[in-house]
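See below for the structure under consideration.
The values are calculated or read from the model by the stated rules, or taken from the named source; none is laboratory data. Quantities reported herein were computed from a predicted structural model and do not represent experimental measurements. Methodologically, a virtual Cβ is constructed for each residue, glycine included, from the backbone with ideal geometry; neighbour enumeration extends over all protein chains shown. Surface areas here come from the heavy atoms of the whole protein model, side chains and all, with no ligands, DNA or RNA. Shrake-Rupley method; radii C 1.70, N 1.55, O 1.52, S 1.80 Å.
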Amino acid sequence: MREKIKKLPYKKKIFYSYLLLVAFFAAGTVAYVAQQVSERAQRSAEYMNQSNSQLQLALEMIEENADRLKYLHFSDDEMYSILVRRKENFTDQELAEADAYMQKCLAQETDLDNYILRATIKTADGRIYQSLVGEQDNYLQRMESIAFGEEWKEKNRELYTGVYSAEINMIPYSLVTIITPIYDIADDEPLGMLYIDWDFGRMKERLDSIQKSGNSVSQFAILSETEVMYHSADNGEENYPLKLDASELYPQLAQMTETGQKERNLEIAERGCMVCAAYDGKTGWILMQYEETAALISEILPDMVKLAGLSILALTAMFAISICFAGNVSRPVQLLSSVMGQMGNKNDQEVALIDERENIWEDEMGMLISSYNAMAKRINENIIQSYVAELNQKRTELKMLQFQINPHFLYNALNTISSIAILENVEYIPEIANSLSDMFRYNIKGRNIVTVGEELEQLKNYLKIQSIRFPDRFQIEIDIPQELLGCAIIKFVLQPVVENSIHHGFVKKRRKDRLKILAHREDEALLLTVEDDGVGIEPEQVKRMNKRFEQENTADTLGEDAKSIGLSNVNARLRNYYGAAGGIRVESRLGEYTRIILKLCAEQGETSELIV
């Protein structure tokens, strides 16, 4: 894929980049819309939870007013004595007086609350007391049928009926009745049953007014286990109200409230909705606020349409600008690519130049074409110089072949001298001549990579000549492990270092000098050490030497005019062959010793013919 993209024309790359930008923009737009919907849903959920809390507070206030009736006999001694007294202990006049007193007390309490229409007490011995005088038999039969079969072991148990229609004093109402027993503190048996009728129609009106006063589009409902007791969408203002099913919704909402989950996405009548629920412990009802997901989206849809329109305009403008820009950029690029492509088809020919008079660009592309022409001119000059250098190299090779005659002549001459000295019995001359002869033969061999053992034999020839020249002046110690003698190294690195020690380290001494030649391995490195007990080197000079060896340019040392074969020459050759892993390091203490450490790679194997 990457290779295909690289081969695409510049215009197509810009076009595909634009498509990629559109894709990123679309993904960003979707993410932004999702974020806005999420934030809108969060705000709606907060509002619905607050609304549920307010409605639940209003419901609790109505419940508290009903509780006053439930515990009224504890605060009224006369009522208490009437309820605990058996019917047979009353005279007819006392029964009438008790009925009048109970009606007055119940009426006073119901008048204090606009939502309580009627309160009725039926004692255990069958006496009936009501706040309003009316039909009793049908009403009580209905309430008793509802309460029948219920367990009333808990003294605070309350039972709320569903919503039903009934007439009180010829006026129709929508009612909910609270059924609860009345107990004496000292007795576990109830004194009777209390029936409190709520005006649920008035409660609906209040709920409607609370719902209308809010700015949200959410709807509110009250659900019992068996029915939808109230639904704000049923007030006629909603065009297509959702049909709520209590048997389906109540278990799901109950699970929400039990787990402490305040909001949740549910499907109601095949429509996605966000639902908030609160549970009322006394009534067992669930207060539910919900808002359709489509309404959430439609609320922010106008802003999204505006944003999409502006974005499309911006992208269209960007596309037009990109096409114009691509044309202006691709034309000089194609011209430059065409000219540069011809370079690969020409062998050792001059590079073509671009006529800047016909193709005038004053921007970066113009600078690029000018730079190309300058580069092409330099390449053409280098081609000419390369031809000249190749001719010079061939001339140099011819001269080197001629110069090889001289070392061979000297080698043969030294062998002749050695033979004559042996015949004439001249002392030392054969040894010197043989050592020099071996050194010449070692140097004129074509191989430039040798073993440590071969380099050591070459060094011994040099030390033999120096020992004859300066008898009893040197004490030589060579400590190189047998396994390191086969390591391959570049030729002629030990002799220049030893020569440096003899010429500079022992120059001011008159006692017998000691020279050590050591070798050891450190991981993959081979370290050759030449140590003398000469005059040593100043510390500052040692720092300068090591710094120069680390930064030394091999081209400066190994050029045609380089005639020195000292430490710098050896260091340059080591770095040239081994790279940064090779080189020389100097250690010295003034008046005590100087140690030259050569770092090479410990390579085993056959020697090569590479020129170093």
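The table below lists the values:
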quantity: For the range 190-297, accessible area per residue (1.4 Å probe, heavy atoms of protein chains only), Å²; calculated: 47
quantity: Accessible surface ranking that places the most exposed of K516, K547 first, with a 1.4 angstrom probe; calculated: K547, K516
quantity: Contour excess over end-to-end distance, with Cα ends at K262 and R469 and 0.36 nm allotted per residue; calculated: 63.8 nm
quantity: Residues E39 and I383, FRET efficiency given R0 of 41 Å [Cβ-Cβ distance, rounded to 0.05]; calculated: 0.05
quantity: S371, S224, ranked by accessible area, largest first (probe 1.4 Å); calculated: S371, S224
quantity: Loop-located chymotrypsin sites (Phe, Trp or Tyr not before Pro) in the range 26-80 whose Cβ has at most 14 other Cβ within 10 Å (DSSP); calculated: Y71
quantity: Where only C-alpha atoms are counted, convex hull volume of the range 191-293 per residue in Å³; calculated: 120
quantity: Accessible-area composition of the range 185-305, carbon plus sulfur, in percent [1.4 Å probe]; calculated: 46
quantity: Placed amide H near G566: partners under 5 Å, 5+ positions off or other chain; calculated: none
quantity: Probe 1.4 Å, protein heavy atoms only - accessible area per residue of the range 60-131 in square angstrom; calculated: 51
quantity: Rh by Kirkwood over Cα pairs, then Stokes-Einstein D for the range 126-229 at 0.692 mPa s and 37 °C, µm²/s; calculated: 204
quantity: Exposure of R469 as accessible area (Å², to 10), given a probe of 1.4 Å and all protein chains; calculated: 150
quantity: Solvent exposure ordering (accessible area, 1.4 Å, most first) of T226, T91, T451; calculated: T226, T91, T451
quantity: Exposure of F319 as accessible area (Å², to 10), given a probe of 1.4 Å and all protein chains; calculated: 70
quantity: Extent along principal axes [Cα atoms of the range 20-158; Å; largest to smallest]; calculated: 99, 32, 28
quantity: Accessible area of the range 25-73 belonging to carbon and sulfur atoms, whole % at 1.4 Å probe; calculated: 58
quantity: Solvent accessible area, Å² - S145, 1.4 Å probe, full protein context; calculated: 80
quantity: Calculated FRET value between S145 and A294, using beta carbons and R₀ = 60 Å, to 0.05; calculated: 0.85
quantity: For A488, residues with placed amide H under 5 Å, excluding near neighbours; calculated: E603, Q604, G605
quantity: Amide H partners (placed H, <5 Å) of D184, local residues excluded; calculated: L191
